[in-house]
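Report on one structure; see the data block that follows.
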Amino acid sequence: QVQLVVPVAVVFSPGSVPEDLPSPLPFRDVQEMEISVNLRTSVTSRYEMSYRAATAREEAALAVATAREADAALHLLQDVSMGSLTVYVVAETSSLLPQGTSVYVGRHRSALVRSGGSLAALHTRLRQVTQVMSFTATSIAATLSDRVPDGRLSPDARRSLKSSLGYEITFSLLNPDPKSHDVDWDIEGAVNCYVKPVLDKLSLVANFSVDSQILYYAILGVTPRYDKESSSFLLSAHSLPHVINPVEARLGSSAASLYPVLNFLLYVPERSHSPLYIQDKDGAPVRTNAFHSPRWGGIMIYNVEAPASPQASLPLHVDVDMARVMEVFLAQLRLLFGLSWEELPPEFLLESPGNEGLADWELDHLLWAHTVENIATVSTTLTSLAQLLDKIGNIVIKDDVASEVYQAVASVQSAVAKLAMGHLHSAFQASKEAVTSSERAFFDPSLLHLLYFPDDQKFAIYIPLFLPMAVPILLSLAKIVRETRQRKKEPTKMD
Amino acid sequence: LREELLLSPLPTGDVAATFQFRTRWDADLQRGAVSHYRLFPKALGRLVAALGVRELHLALTQGFWRTRFWGQPPLQAPAGAELWVWFQPTVTDVDKAWKELSNILSGIFCASLNFIDSTNTIIPTASFKPLGLANGTDHHLLRYAVLPREVVCTENLTPWKKLLPCGSKAGLAVLLKAERLFHSSYHSQAVHIRPVCRDASCVAVSWELRQTLTVVFDVFSSGQGKKDWSLFRMFSRTLTDACPLASQSKVYVDISPKNKEKELLEVTPPPTSVHEAVVQGDKKTYAVYDLLSPSLFNTSRSLNVQLKWKRPQDSSEMPVPVLHAQRYVGGYGLQTGEICTLIYNTHPYRAFPVILLETVPWYLRLYVHTLTIITKGKENKPSYIHYQPAQDRRRPHLLEMLIQLPANSVTKITIQFERALLKWTEYPPDPNHGFYVGSSVLSALVPSVIAMKDVDVEQSPLFTSLFPSSDGSSYFVRLYTEPLLVNLPTPDFSMPYNVICLTCTVVAVCYGSFYNLLTRTFHVEEPSRGGLAKRLANVIRKLRGVPLL
């Protein structure tokens, strides 16, 4: 019943138009795809393609030397809203794209595609590029993961965070051995330099707050194994799940807000345990020396080089190289938001998103996923509210709760309608409002089901009445049964 | 971070150990979306920043500090939980912020502070002043609440220890072993957050977090009648090192001579230095152990401070503090009663004023016209009275008075009350235990017996820097009286069920006999006389299809 509409503009540069076009340019075309999540839920995606020839200015923009320059020049010519895509088709022999790549995805909402000769080849490439730049069947299924039957999703799909109105990001420096290491990090500069641009971009999706702390004497939950060959300590992959628990107790809960917390820990191992490396399943050391925990955050181990002379005075002053650390943490942040570059076909070339850490189309990708998830959440919340009402008949729904429910239904309907029209941004806003009102209605304190007496307890109070009254009735029933039995016997005796 | 431990033998032979951990944060908590914490705990920092708190004082106490016998405490707290907070002037809805704050704090400290609501929150006008930097004392920004029923135990201590930068892994905090701390006569842990000057010029503001913990050990009874003690015997731990993050880590032992000429006690190992100070109007001598000085741990790996009395103390002469108080409930029956407060001023020649703050829950209806203050047989008129009557189920009584205490006198303050009947859902579990009335608060500037020099506040040990001392001749004291336990008329809670049971049984018995009367087959000897019962029975038998009688 939910229909996702992606407007795609396909622009043919001169010399790239395939011969077997069904009709002369410009024309429109619609491609539909059905994503079924479970037996009852399915999402229809609809790509509204509009084909046209390039304008003179676009031709001029495409005439530059490299794809990156073309992308930058084309961005100025576009006037695209969120969620819509523009695909420029260039000739198969064009030198704009490097050898071996046939698809180039830019920083913004556009891509360059080699025409591939025939219409069929172009169609497959177009389908691939639009799916990469908007959403794929797995990404939609992952957002509805609590409705998908178990075992059908890969563990990677369950990694990304649930949609929420806001997130709190906490960077923690764990120093278990302050006697020998005096660790200092310039977190303020690093946050401003690396994290802030990304979050500014993501601020469309949710509110973010960032803070940091330093925890002393915080230790990991497992003792690392000593490896003689490399004279280092190793944490194997299967012990990593046990690492987080003791640290978690020290992290401090987010008492002041209800948003989910993303934790990024930088662990400086104590002197007696350094250097410390993480081993993957095959026993090879992990290059980044970091790992992440789905929907929780990431941990990076930062080894301190031993001083040249053992007599060096303790504590040893350590300045953390924040560029190295933040590179890992930002990659983990992307993973936790479900943005990964892993599933790409080899002939794709992605423009690096630059300082912002996030391309425009990746933002769209997030918005698609979160909108669908919000709609699903609202429907789940309202359904369970309805179930509660069915269970307890005499529950009181106050006017404000009722108006919140109406509001939620109206917002979710408008979100679905906006999705079907292809207005991604307004659909996302509407779905956010729907989530807020439905949660407010569901968690209203007057709807606590413990406030209402279950009927069986009312019955139990009157047991002292019912029980003695039942005794003579049961006794006389037993007597009637006995009498009827005797009467049946008597006629046989008479015979 | 500065950590201090003060060990002082009390006149009765008990030992009071007071820990204090001071963390300063040179940052403005009120501004900035991104906040970065080093030693200051993040949980509290976010709380202060988010809710616009200017000053926060939370104390959780088990037991009662006996001022009469133990002397003036360094920092007293009432039994149960006490919370008072000054908010920033920018906070628009103070009540909402207060509610939110108490809920969050109850989560952080695992205490039932979420029971703080309008029925036990008051706005004192004179008793509580901001202790940190403040330019306004608009008391509408102040909220004060006491929960006398709160029981303090290990689940409150663990989160408190977690706020320390070194946890309980290093420094003085290794002594904080819950098993021993709660095996004591008095246990009080507190958190104080206030803004202070960053330096002498006082241009910028820093935030100071002061975590204090006071325990009183009864060494006399646990040590076979001897008053000697050591760290190991009290805490079953010894000190091994200072917290590596601390800039100051000291243990003070109070070795002030009681009699002027004779040394009665000795401490081992020998202290690194001896410090003399005037604390609360009394000249005190402290043996100081500086844990940061390397010489202390040279001879042995750990520090176990021991104190031995050279000869048995003559316990006859016990010093009595200048100001102490006592409170009890008078009267009989379950309808009316009387709250009596006795305030003692034992100063030989100086009179001084004291501010008394009484909070009484609404279910004790105070009669203000019965308020009498009698000193030395004469009526004593208070120079300032602030009374806010209670509203049922909305707010408590608040009575604040400024009373002049003549030298060497006892002042008796009595006020009568009537006990209200509560609705049956308002009774707590175990209502026959009684209802607590929070301690009343006495704040006074007590003139000191000996002259005090203006000491450098930062140098003097422990709490002298928390309360501002106005001048050399007097010092600030805040005392709490005993909490009261008042019995209210309690209904028989099982009565409704009993009534249901009884009436149901009666109805059931009636029904049963009537039913039997109708359905039993009666064999009548004389067939000619068909009575009413038989006819009725025949009607029923006809309906049942059974042969008639």
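The values are calculated or read from the model by the stated rules, or taken from the named source; none is laboratory data. Everything numeric here is computed off the predicted structure, so don't read it as measured data. Cβ atoms come from the backbone with ideal geometry, glycine included; neighbour counts cover every protein chain shown.
Observations on the structure shown:
- Residue satisfying all of: in segment B:30-40; part of a loop (DSSP other than H, G, I, E, B) and at the interface with another protein chain (Cβ under 7 Å from one of its Cβ atoms); modelled with the lowest pLDDT among these: B:ALA33
- Among the criteria (1) at pLDDT below 80; (2) within 20 Å of A:LEU161 (Cα to Cα), the one A:PRO353 does not fulfil is (2).
- Search result, residues across segment A:446-463 that are hydrophobic (A, V, I, L, M, F, W, C) and either exposed (fewer than 14 other Cβ atoms within 10 Å of the Cβ) or away from chain B (no Cβ under 14 Å) (or both): A:LEU447, A:LEU448, A:LEU450, A:LEU451, A:PHE453, A:PHE459, A:ALA460, A:ILE463
- Residues that are within 14 Å of chain B (Cβ to nearest Cβ) and out of contact with any Cys (no Cβ under 9 Å at 6 or more places or on another chain) occur at least once in segment A:432-445.
- Residues that are surrounded by fewer than 20 Cβ atoms within 10 Å (Cβ to Cβ) and touching a Gly at 6+ places or on another chain (Cβ under 9 Å), drawn from segment A:124-144: A:THR124
- Per the listing B:LEU60, B:LEU83, B:LEU75, B:LEU56, the residue uniquely within 14 Å of another protein chain (Cβ to nearest Cβ) and in contact with a strand residue (DSSP E or B) (Cβ under 9 Å, 6 or more places away or on another chain) is B:LEU56.
- Given (1) surrounded by 11 or more Cβ atoms within 10 Å (Cβ to Cβ); (2) of a type outside the set (A, V, I, L, M, F, W, C); (3) under 30 Å from B:VAL509 (Cβ atoms), number of the condition A:ARG482 does not satisfy: (1)
- The C-beta contact set for segment A:27-54 (first residue closer than 14 Å to A:SER134 by Cα and outside the structural domain of A:ALA137 (by the TED database), second residue among the acidic types (Asp, Glu) and in a loop (DSSP other than H, G, I, E, B), distance under 7 angstrom, 6+ apart or interchain) is empty.
- Selection status of A:THR130, at pLDDT below 75 and not hydrophobic (A, V, I, L, M, F, W, C): no
- Yes/no for A:ASP79 being loosely packed, with under 15 Cβ neighbours inside 10 Å, at pLDDT below 75 and among the acidic types (Asp, Glu): yes
- Complete set of residues in segment A:216-255 that are over 24 Å from the mean Cα position of the chain (by Cα), within 14 Å of chain B (Cβ to nearest Cβ) and hydroxyl-bearing (Ser, Thr, Tyr): A:TYR216, A:TYR217
- The residue list A:LEU344, A:LEU339 contains one member that is at pLDDT below 80, of a type outside the set (Phe, Trp, Tyr), crowded, with 19+ Cβ neighbours inside 10 Å and not in a helix (DSSP H, G or I), which is A:LEU339.
- The sole residue among B:ALA50, B:ALA43, B:ALA97, B:ALA27 that is part of a loop (DSSP other than H, G, I, E, B), within 14 Å of another protein chain (Cβ to nearest Cβ), at negative phi and touching a helix residue (DSSP H, G or I) at 6+ places or on another chain (Cβ under 9 Å) is B:ALA27.
- Among the residues making up segment B:403-450, those that are in contact with a Ser or Thr (Cβ under 7 Å, 6 or more places away or on another chain) and at pLDDT below 85 are B:LEU445, B:VAL446, B:PRO447, B:SER448.
- Residue in segment A:440-452 that is part of a helix (DSSP H, G or I) and among the acidic types (Asp, Glu) present: no
- If you filter segment A:87-107 down to residues that are β-branched (Val, Ile, Thr) and surrounded by fewer than 21 Cβ atoms within 10 Å (Cβ to Cβ), you find that the one that is nearest to the chain's Cα centre (by Cα) is A:THR101.
- Options B:GLU179, B:GLU82; residue that is surrounded by 21 or more Cβ atoms within 10 Å (Cβ to Cβ) and of a type in the set (Asp, Glu): B:GLU82
- Cβ pairs under 9 Å, 6+ apart, first in segment A:464-488 and at the interface with chain B (Cβ under 7 Å from one of its Cβ atoms), second hydrophobic (A, V, I, L, M, F, W, C) and surrounded by fewer than 12 Cβ atoms within 10 Å (Cβ to Cβ): A:PRO464/B:LEU502
- Selection within segment B:35-79 - among the polar types (S, T, N, Q), over 11 Å from the mean Cα position of the chain (by Cα) and farther than 24 Å from A:LYS196 by Cα: B:THR67, B:GLN72
- Enumeration of residues in segment A:182-215 that are surrounded by 15 or more Cβ atoms within 10 Å (Cβ to Cβ), closer than 22 Å to A:SER274 by Cα and within 10 Å of chain B (Cβ to nearest Cβ): A:ASP182, A:TRP185, A:ILE214, A:LEU215
- Count of residues meeting criterion [closer than 24 Å to B:SER474 by Cα, hydrophobic (A, V, I, L, M, F, W, C) and outside any strand (DSSP E or B)] in segment B:327-352: 1
- In segment B:309-322, the count of residues that are buried (at least 19 other Cβ atoms within 10 Å of the Cβ), at pLDDT below 85 and closer than 30 Å to B:SER256 by Cβ is one or more.
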